[in-house]
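Each value in this text was obtained by applying a stated rule to the coordinates, not by laboratory testing. Not measured: the values here are computed from a predicted model. Cβ placement follows ideal geometry from the backbone for every residue including glycine, while neighbour counts extend to all protein chains displayed.
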């Protein structure tokens, strides 16, 4: 799975735009964990409970960087949701067993709303 970690990362973002929960569930394993400024190492079930509802308003991702480093890829993007834009950089990791983790290392401020936006 680490051979195409950039493709896997891109596919995960595409799932938010297309609202394809089944596809993103196939990309992340049962022991997936997610960390961001708002979430501290939440498990897969909590991720879908807290984060997946954001897909309803997600319109697009404009990718700035994909930087691969072994089993990790750093992704910088600008997201669009309704009238707001936000920028994040995430470190996504895929272990040999194919169990990705995701860490939102930097969160950007919305350009239209002056508040923190969770990716």
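Results, tabulated for the structure shown:
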| quantity | calculated |
| --- | --- |
| Matching residues in region 48-65 - criterion: being in contact with a strand residue (DSSP E or B) (Cβ under 6 Å, 6 or more places away or on another chain) and touching a residue at least 40 places away in the same chain (Cβ under 8 Å) | 58, 59, 60, 61, 63 |
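Condition check ((1) farther than 18 Å from residue 82 by Cα; (2) in contact with a helix residue (DSSP H, G or I) (Cβ under 8 Å, 6 or more places away or on another chain)) across all residues:
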| residue | (1), (2) |
| --- | --- |
| 21 | yes, yes |
| 28 | yes, yes |
| 47 | yes, no |
| 51 | no, no |
